[in-house]
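One structure is given below, encoded as structure tokens.
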Amino acid sequence: MTVVDKKQPTDRLQENLLQVQRLIERQRLVEELVHRQDMPRHDLVESLVHKQNLAELEHKLQGLHPADIAYILEALPLEDRLLVWDLVDGDDEGDILLEVSDAVRESLIESMEQHELVAAAEQLDADELADLAPDLPRQVVYEVMGSLDEEERQQLQSALSYEEHQIGALMDFDLVRIRADVSCEVVLRYLRRFDELPHQTDKIFVTDEDGVLKGVLPIRKLLISDPEALVADIMATEVVSFSPEEEAVDAALAFERYDLVTAPVVDDKGVLVGRLTVDEMVDVIREESDTEALNLAGLKEEEDLFAPVIDSVKNRWSWLAINLCTAFVASRVIGAFEGSIEKLVALAALMPIVAGIGGNSGNQTITMIVRALATGQLQAGQAQRLWRKELGVSVINGLVWGGMLGLLAWMMYGNFSLGLVMLAATTLNLMLAATMGVLIPTTMERFGKDPAVGSSVLITACTDSGGFFIFLGLASLFLL
């Protein structure tokens, strides 16, 4: 009888992490107790206890997928991480280094000897090694390249010749190609010669004798076709293909749009040089999403959760400095209206509401604009039209929610004019938020900058300073 594990993948992942953490804690607790005891052959007992606990932890790790081990390593403090890393099967080290985040990978590589790095890298294919090579010491890369055959060395050099964000750096060289003038029966016999097909093989690439791509033959179509039929008669000639110089993000969007599993990569002469697979594209989408989230928050790069204090400070200081300057400007705006606040104390209680609702609305707008720019849905000439639409949304929201805030202010402070000022200030600040929410990312895009970098910080600065100025300015004019 087979028992089906009904736990969700996330639940299993968390359970594995907790089990590893418990094993580490138990090992340290038992070793500490043994260390305190005064008994004969103390060192021998301590060594046996240490080995027993490590053996149990090692056995647990052997049953986990490299991606799960990578997740566990990212969730452990540095000391525990290195302890677990020493127990990982050497055959899995290369795959785990590919899975972990850049910051954690750096800490693991620093703990490894050169021969260990070489052994881990030699377990990888040329395209996987190209992903890892930028983080490895140069001497390790040279040594690994020396152990490759001529074809693999050329593939690695080809992948390393492209930038990290280009398709050429991500393409897979492990693929199946056939000619168009053979029958399906010949193709099936050819496939049976493989011990196993390359992963994610959903189609076979059809090329001529010069390697020029002519079409693709889906596996599902091959299996149901007449064995005597020629490949040329049943292959698909309309193929979504990519150039090695294209952006990986654009390819990932195409994979999502056309529900692709694999796609060919061809050079400027149409020669098949590699393929893209859906697992690589999923990684690109996830990394792009993570990068965008970090950029919006003003972080330079992904940060190790347990990184040393100084490393975290270096990653965060720049936009915090900008935020400090903008906060100082906002404080000067408030300072210019100190007399008004002294005369009507209610202004001090109400002005953060105006600034806060403007900042929230601005972040909504800027998130939508950044996403549209990233997916190519927003072109430069459409910015003004989108601004008018966002302005309309802000006016309606301002009248509705500003009216509610104005009514509350009137009821709380018994001042009808204060309610009207609240209504006007909320509406005007939402209009400012809509304007800056469109202007900031489109301007950065126009000047070739990443529209996500620091946008959240900038929009908050504008709506805070602008909200304070609008609200306190209107109050000074009409209430005092």
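The values are calculated or read from the model by the stated rules, or taken from the named source; none is laboratory data. Being a predicted model, the structure only gives us computed values, none of them experimental. All Cβ positions, even for glycine, are placed from backbone atoms using ideal geometry, and neighbour counts span all protein chains on display. Accessible surface is based on the protein model in full, side chains and every heavy atom, while ligands, DNA and RNA are left aside. Shrake-Rupley method; radii C 1.70, N 1.55, O 1.52, S 1.80 Å.
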Check: With respect to the numbered conditions (1) within 19 Å of I459 (Cβ to Cβ); (2) in contact (Cβ under 8 Å) with a residue 24 or more places away in the chain; (3) open to solvent by 80 Å² or more (accessible area, probe 1.4 Å), which one is the sole condition not fulfilled by N323?
Finding: (3)
Notebook entry, point to check: When you look at L29, is it open to solvent by 90 Å² or more (accessible area, probe 1.4 Å), at pLDDT 70 or above and either within 26 Å of S111 (Cβ to Cβ) or not in a helix (DSSP H, G or I) (or both), yes or no?
Noted result: yes
Note to self: For a quick check of your reading of the model, give me the residue pairs whose first member lies in the stretch 439-457 and is under 18 Å from R385 (Cβ atoms), whose second is buried (at least 21 other Cβ atoms within 10 Å of the Cβ) and of a type in the set (D, E), with beta-carbon atoms closer than 8 Å and at least 6 apart or on different chains.
What the structure shows: none
Checklist line | Conditions (1) at pLDDT 95 or above; (2) in contact with a Gly (Cβ under 7 Å, 6 or more places away or on another chain); (3) surrounded by 17 or more Cβ atoms within 10 Å (Cβ to Cβ): number failed by V231 | finding: (2)
Next item on the list: Starting from residues that are of a type in the set (V, I, T) and touching a residue at least 40 places away in the same chain (Cβ under 8 Å), keep the ones in the stretch 332-362 and report whichever is least open to solvent (accessible area, probe 1.4 Å).
Entry: V354
Notebook entry, point to check: Does the stretch 234-247 hold any residues that are under 10 Å from I167 (Cβ atoms), at pLDDT 95 or above and either part of a helix (DSSP H, G or I) or open to solvent by 60 Å² or more (accessible area, probe 1.4 Å) (or both), and which are they?
Noted result: E245, E246
Margin query: Restricting to the stretch 379-425, give me the number of residues that are open to solvent by less than 40 Å² (accessible area, probe 1.4 Å), free of Cβ contacts under 8 Å to residues at least 40 places away in the same chain and either closer than 27 Å to E288 by Cβ or over 40 Å from the mean Cα position of the chain (by Cα) (or both).
Written below: 3
Check: What is the residue count in the stretch 269-295 for residues that are closer than 15 Å to D250 by Cβ and buried (at least 20 other Cβ atoms within 10 Å of the Cβ)?
Finding: 4
Item checked: In the stretch 65-124, residue surrounded by the most Cβ atoms within 10 Å (Cβ to Cβ) [restricted to those that are within 18 Å of the chain's Cα centre (by Cα) and assigned to a loop (DSSP other than H, G, I, E, B)] -> V100
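Just checking, which of A180, A169 is more than 27 Å from I224 (Cα to Cα) and of a type in the set (A, V, I, L, M)?
Details: A180 fails: more than 27 Å from I224 (Cα to Cα).
Residue meeting the stated conditions: A169.
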Notebook entry, point to check: If you check V329 against the conditions, is it among the hydrophobic types (A, V, I, L, M, F, W, C) and free of Cβ contacts under 8 Å to residues at least 24 places away in the same chain?
Noted result: no
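Residues are listed down the side, and each one gets a yes or a no for (1) aliphatic (A, V, I, L, M); (2) under 19 Å from F337 (Cα atoms); (3) outside any loop (DSSP other than H, G, I, E, B):
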position	(1), (2), (3)
G362	no, no, yes
L418	yes, yes, yes
A424	yes, yes, yes
I459	yes, no, yes
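Residues checked against (1) among the aliphatic types (A, V, I, L, M); (2) part of a strand (DSSP E or B); (3) within 22 Å of L253 (Cα to Cα):
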position: Y162; (1), (2), (3): no, no, yes
position: G168; (1), (2), (3): no, no, yes
position: A180; (1), (2), (3): yes, no, no
position: V186; (1), (2), (3): yes, no, no
position: Y190; (1), (2), (3): no, no, no
position: D195; (1), (2), (3): no, no, no
position: P198; (1), (2), (3): no, no, no
position: T201; (1), (2), (3): no, no, yes
position: I204; (1), (2), (3): yes, yes, no
Note to self: Quick check on my filter: what residues within the stretch 461-479 are surrounded by fewer than 24 Cβ atoms within 10 Å (Cβ to Cβ) and of a type in the set (S, T, N, Q)?
What the structure shows: S465, S476
